[in-house]
Amino acid sequence: MVTKIYVIVDFFVQPASVAKSLAVQECHELAAVFLLGKAKCEFAAKNLTSEASTLFTAAKYFIQADDKLVCTNSINYEDNLNCAILCLLRAARVNNFITFNIYAYNRSMN
């Protein structure tokens, strides 16, 4: 039970390191979920660039998880693929917001 507490504490301290550890163990779907938690923290901290980067990495892990299911001929309902698409769409929306803010700032300087 003590190890479970450490895992929970580690999640709140460093979700990216937990995700990286899970990815090394080829648990790509769980790694992506941990990265979604990190992206939510980045969103709360208003760190848009890091949020977009984290969402992109989470999408990559979801695609790897889907690819693993396809390669092993497992039953695949394409949930991981749908999650990857949603992560990429959210990252594009965040990137578009950053680009719009830079454009608006440059226009106000002229």
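The values are calculated or read from the model by the stated rules, or taken from the named source; none is laboratory data. Predicted model, so just to flag it, every value in this text is computed and none were measured. Neighbour counts run over all protein chains shown; Cβ positions are idealised from the backbone, glycine included.
Checking Asn73 against (1) more than 25 Å from Asn95 (Cβ to Cβ); (2) surrounded by 12 or more Cβ atoms within 10 Å (Cβ to Cβ); (3) at pLDDT 90 or above, which test does it fail?
Every condition holds for Asn73 apart from (2).
Looking at segment 39-69 only, could you name the residues that are part of a helix (DSSP H, G or I) and over 15 Å from Cys83 (Cβ atoms)?
Scanning segment 39-69 gives Cys41, Glu42, Phe43, Ala44, Leu48, Thr49, Ser50, Glu51, Ala52, Ser53.
Tell me, which residue of segment 17-36 that is small (Gly, Ala, Ser) and either in contact (Cβ under 8 Å) with a residue 60 or more places away in the chain or surrounded by fewer than 18 Cβ atoms within 10 Å (Cβ to Cβ) (or both) is farthest from Asn95 (Cα to Cα)?
Per the stated criteria, the residue is Ser21.
Need pairs with beta-carbon distance below 9 Å; first residue more than 20 Å from Leu36 (Cβ to Cβ) and within segment 70-93, second not in a helix (DSSP H, G or I); sequence gap 6+ or separate chains.
Every condition considered, the pairs that remain are Val70/Asn76.
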